[in-house]
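Have a look at this one before I ask anything.
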Amino acid sequence: MKSDLVLYNTLSRKKEVFKPIDPEVIGMYVCGPTVYGDAHLGHAKSYVSFDLIYRYLKHIFPKVKYVQNITDVGHLTDDADEGDDKIAKQSRLEKVDPMAVVEKYMHNYFRDMDALNVERASIYPRPSGHIPEQIEIIEDLIKKGYAYEVNGSVYFDVAKYNEKHDYGKLSGRNIEEMMEGAANRSLEGQSEKRNAVDFALWKKAEPTHLMQWNSPWGKGYPGWHIECTVMSQKYLGDNFDIHGGGLENAFPHHECEIAQAEAHTDKAFANYWLHNNMVTINGQKMGKSLGNGIFCHELFSGDNFQLDRAYSPMTVRFFILQSHYRSTLDFSNEALEAASKGLDRLQKGVLRLENLKASNNSTIDVKAFEDELYQAMNDDFNSPIAIAKLFDGLKWIAALEKGDERLTEKDLAHFKKTYHTFYFDILGLKMEKNEGTKNEVLDDVMQLVLAFRKAAKEQKDYATADQIRDKLKALKIAVKDSKDGAEWHFED
RNA sequence: GGUCGCGUGGCCGAGUGGUUAGGCAGAGGUCUGCAAAACCUUGCACAGCGGUUCGAAUCCGCUCGCGACCUCCA
């Protein structure tokens with residue numbers, strides 16, 4: 001059951017049965033963030049998605065080595081600020097060293113990911129710490145004739161590579177068409193390159209460039225594809241299981257990674273390529289130029305003009321997991337609100353599980369329930385289906401409480417374990433009761449207040465009882481009556 | 001312009017050649033002094049137009065709409 005994992009491989013554009021190189025240790029590399037700004041909703045979707053994948057792989061296989069880079073070497077901005085890289089630009093803006101920019105936003109990234117209950121990867125390598133390794137591979141590529149130096153910069157010779165390999169196999173591109181297209185398009189650009197489709201392995205640095213290193217070709221800095229090739233192979237080997245990243249990076253970034261790696265080793269690079277889709281906001285794409293970006297910390301605080309209120313990290317995580325990682329996810333307050341309420345109900349169900357009593361026979365097929373959950377996850381990590389199954393199970397929890405359904409002690413334990421495994425371990429959800437400021441003294445005081453209210457109710461003094469409840473509500477404390485007496489909790 | 005993907009009910013979002021996705025909201029009900037919660041029941045769908053088929057929302061074509069990538073470059 002657990003071994004029939006099927007995943008969608010961008011390389012083949014099909015779902016394939018996952019066959020690990022070594023079932024004892026799975027290797028996975030995922031392109032991480034460039035840390036020049038805070039993590040936004042798009043990062044949240046991406047890294048929650050790969051966290052789900054990581055958690056499920058860890059659940060199935062003995063060990064998973066998960067490597068995620070933290071890009072700290074500047075790369076050019078996408079806003080037509082030619083020649084200025086993102087980190088350097090932010091560095092000038094903040095008037096601090098580039099590495100201070102990196103340090104600050106890297107910590108913010110971890111802070112936000114921790115809040116989302118994203119588990120830490122095994123290794124977070126940084127390109128700036130792997131300059132010698134990058135230079136080494138570039139030298140090897142030059143030696144093998146796949147790269148050439150011009151004027152202090154080094155470029156990858158795509159046409160040469162394509163003679164014996166298939167450039168474009170990941171993104172479904174055809175090199176001839178690309179060369180034609182390039183010829184018809186920009187006449188300007190890098191005249192240093194032999195061919196428009198070639199890409200930089202090493203760039204000569206202007207004296208004003210903030211980040212630069214010595215190399216056999218003079219002062220410069222690495223191209224933006226080589227870091228991932230180098231670091232994935234260094235920590236996972238020449239050939240490894242899974243490489244993940246955002247769909248928008250499939251071309252050219254991932255395509256170039258493959259070219260560099262396979263030219264260097266003449267072996268297959270990653271066996272499976274997984275790409276997650278993006279976030280839209282009210283049906284529109286999220287983008288700096290549109291001014292509709294939302295940072296994670298803004299979601300958690302509600303401090304953004306597009307947000308009606310704050311949404312807890314678990315609400316955001318649950319919202320993301322309710323759609324498939326390969327689908328686009330449309331953000332709206334309505335959708336977040338729905339996720340918040342749904343998660344609340346599911347969470348209460350998981351808590352209610354604890355009070356169920358065993359019977360001497362079972363009327364529910366727990367094994368079938370468990371199998372359905374595994375089937376969902378085995379089908380390319382289909383968390384929306386798994387979540388739907390957990391909601392279906394809620395009906396049983398209610399029926400078990402009423403005695404309309406029964407479970408033996410053994411089956412009940414199995415049922416609980418199944419819920420816990422999927423809810424906590426695989427989906428990575430955690431209880432998020434707003435109890436941060438609850439403490440024993442306050443609880444004692446509340447018991448006192450509730451005792452007075454109970455006395456008022458017994459004397460049918462509902463005006464007083466309701467007043468107590470209303471005043472407490474104003475203090476963000478909700479009181480709920482039930483058969484077993486009154487309960488209280490903080491409101492969001 | 002080129003390559004690729006998507007378009008599901010009020011909202012979000014799975015899935016499939018013929019059978020209930022699920023959540024939220026809505027409607028009705030149980031419970032309750034009231035409220036809340038919980039539980040039960042329930043309405044609403046597959047962008048448009050053609051084609052293949054006994055049968056398509058699911059396959060094919062076209063149209064419209066949306067998105068990613070196509071330049072040095074996370």
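The values are calculated or read from the model by the stated rules, or taken from the named source; none is laboratory data. Owing to the predicted nature of the structure, the values given are computational and were not obtained by experimental measurement. All Cβ positions, even for glycine, are placed from backbone atoms using ideal geometry, and neighbour counts span all protein chains on display. The protein model used for the area step is the full one, side chains on, heavy atoms only, and it has no ligands, DNA or RNA in it. Shrake-Rupley method; radii C 1.70, N 1.55, O 1.52, S 1.80 Å.
Give the number of residues within segment A:226-263 that are away from RNA strand B (no atom under 14 Å from the Cβ) and among the small types (Gly, Ala, Ser).
Count: 3.
Considering only residues that are more than 7 Å from RNA strand B (Cβ to nearest atom) and under 20 Å from A:TYR56 (Cα atoms), which ones fall in segment A:320-336?
Within segment A:320-336, A:ILE320, A:LEU321, A:TYR325, A:ARG326 meet the criteria.
Here's something else I'd like to know. What number goes with the only condition from (1) under 25 Å from A:LEU299 (Cα atoms); (2) touching a Phe, Trp or Tyr at 6+ places or on another chain (Cβ under 9 Å) that A:MET446 does not pass?
Looking at each condition in turn, A:MET446 falls short on (1).
Which pairs turn up if I take residues in segment A:99-122 that are more than 16 Å from A:VAL316 (Cβ to Cβ) and look for partners that are buried (at least 16 other Cβ atoms within 10 Å of the Cβ) and of a type in the set (Val, Ile, Thr) with beta carbon separation below 7 Å, at least 6 apart in sequence or on another chain?
Taking only residues 6 or more apart or on different chains, the pairs are A:VAL101/A:ILE87; A:VAL102/A:VAL35; A:VAL102/A:ILE87; A:TYR105/A:VAL35; A:MET106/A:VAL35; A:MET106/A:ILE70; A:ALA121/A:VAL67; A:SER122/A:VAL67.
Looking at this structure, is A:ASP140 in contact (Cβ under 8 Å) with a residue 12 or more places away in the chain, buried (at least 22 other Cβ atoms within 10 Å of the Cβ) and either within 30 Å of A:GLY287 (Cβ to Cβ) or not aliphatic (A, V, I, L, M) (or both)?
It is false that A:ASP140 is in contact (Cβ under 8 Å) with a residue 12 or more places away in the chain, buried (at least 22 other Cβ atoms within 10 Å of the Cβ) and either within 30 Å of A:GLY287 (Cβ to Cβ) or not aliphatic (A, V, I, L, M) (or both).
So which residues in segment A:372-396 are part of a helix (DSSP H, G or I), of a type in the set (Asp, Glu) and surrounded by 14 or more Cβ atoms within 10 Å (Cβ to Cβ), if there are any at all?
A:GLU372
Then there is this: Here is a check on your reading of the model: is A:GLU405 within 12 Å of RNA strand B (Cβ to nearest atom) and at pLDDT below 95?
Here the answer is yes, as A:GLU405 does meet what is asked.
I need the helices (runs of 4 or more DSSP H) fully contained in segment A:237-335, keeping only those with at least 3 residues that are more than 30 Å from A:ALA159 (Cα to Cα).
The helices (runs of 4 or more DSSP H) meeting that bar are A:296-301, A:313-321.
Restricting to segment A:279-294, what's the tally of residues that are more than 9 Å from RNA strand B (Cβ to nearest atom) and open to solvent by less than 60 Å² (accessible area, probe 1.4 Å)?
5
Here's a follow-up. Quick test for you: out of A:PHE381, A:PHE369, pick the one residue that is more than 8 Å from RNA strand B (Cβ to nearest atom) and at positive phi.
A:PHE381 is the lone residue from the list that is more than 8 Å from RNA strand B (Cβ to nearest atom) and at positive phi.
Please specify each residue of segment A:175-194 satisfying the condition of being at pLDDT 80 or above and within 9 Å of RNA strand B (Cβ to nearest atom).
A:LYS193
Among all residue pairs at least 6 apart or on different chains, which show Cβ distances below 9 Å where the first residue, located in segment A:318-345, is basic (Lys, Arg) and the second is near RNA strand B (Cβ under 6 Å from one of its atoms)?
Listed pairs, sorted by first residue: A:ARG326/A:LEU247; A:ARG345/A:PHE391; A:ARG345/A:LEU394.
Same structure again: Which residues, taken from segment A:397-407, are surrounded by fewer than 16 Cβ atoms within 10 Å (Cβ to Cβ) and outside any helix (DSSP H, G or I)?
Within segment A:397-407, A:GLY403, A:ASP404 meet the criteria.
Report the residue count in segment A:295-314 for those that are open to solvent by less than 30 Å² (accessible area, probe 1.4 Å) and either assigned by TED's automatic domain parsing to the domain that holds A:HIS165 or touching a residue at least 40 places away in the same chain (Cβ under 8 Å) (or both).
Counting residues in segment A:295-314 that are open to solvent by less than 30 Å² (accessible area, probe 1.4 Å) and either assigned by TED's automatic domain parsing to the domain that holds A:HIS165 or touching a residue at least 40 places away in the same chain (Cβ under 8 Å) (or both) gives 4.
Further question on the same structure: Tell me, which residue of segment A:384-396 that is in contact with a Phe, Trp or Tyr (Cβ under 9 Å, 6 or more places away or on another chain) and among the hydrophobic types (A, V, I, L, M, F, W, C) is nearest to RNA strand B (Cβ to nearest atom)?
My answer is A:ILE387.
Sticking with this one: What's the number of the only condition in (1) under 35 Å from the mean Cα position of the chain (by Cα); (2) modelled with pLDDT of 95 or more that A:PRO216 fails to meet?
(1)
Quick one: in segment A:443-485, of everything that is among the small types (Gly, Ala, Ser) and near RNA strand B (Cβ under 8 Å from one of its atoms), which residue is surrounded by the fewest Cβ atoms within 10 Å (Cβ to Cβ)?
The residue in question is A:SER482.
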